[in-house]
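Structure first, then comments.
Here, each number is a calculation from the coordinates, and none is a lab measurement. Bear in mind that the values here come from a model prediction, so they are computed numbers and not experimental data. Counting neighbours? That spans all protein chains shown, and the Cβs are built from the backbone with ideal geometry, glycine included.
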Amino acid sequence: MMLKSILSLLVIFLHFPQHETIQADIADDLSNNFRMGNSKEIAKNFSASVELIIIDQEDVYNRAQAEQILKDFFLKNPPNKSNIIHKLNNSPNYRLTILSLVTKNGKFRITITMKKVSNLFLINELRIEPER
């Protein structure tokens, strides 16, 4: 019985660091994809419908529409640099990543909200606003 308890605890402890590493990679990958202006890779993380708030436009779009709108944003604002300002990853079902994006036309603050769907965190809201 004692061995079973120890094994259970070991499995739990071994599981957590790996889980956190995967989430850190998601935020890092998103930051890299924003830096490269890679709307196709970012869209792979979109849920079926995404609330997009880009500067003054706000609506809910399907994955393909959201990817196209993001692609247009990158065409108008070619990115140079992206870095992670803040990550909230202590909830088992919710993630928040805030990026600073430097583009040819100015700096933007990117807020990415993700919810867990079938063991994957998918973007359900993406907000892009001029950095103040």
Cα-projected label distance for Leu88 with Gln68, points at 7 Å along beta-carbon direction, nm: 3.2
Whole-Hz ³J(HN,Hα) from phi, Karplus 6.51 cos²θ - 1.76 cosθ + 1.60, for the stretch 41-57, glycine and proline x: 5, 4, 5, 4, 9, 6, 6, 4, 10, 10, 8, 10, 10, 10, 6, 10, 9
Residue-span extension gain [Glu58 to Ile98] - 0.36 nm each, minus C-alpha spacing: 12.6 nm
Karplus (6.51, -1.76, 1.60) ³J(HN,Hα), θ = phi - 60°, over the stretch 113-120, in Hz, Gly and Pro reported as x: 10, 10, 10, 6, 9, 6, 6, 10
Net charge of Cβ neighbours under 12 Å - reference Asn93; Lys, Arg +1; Asp, Glu -1: +3
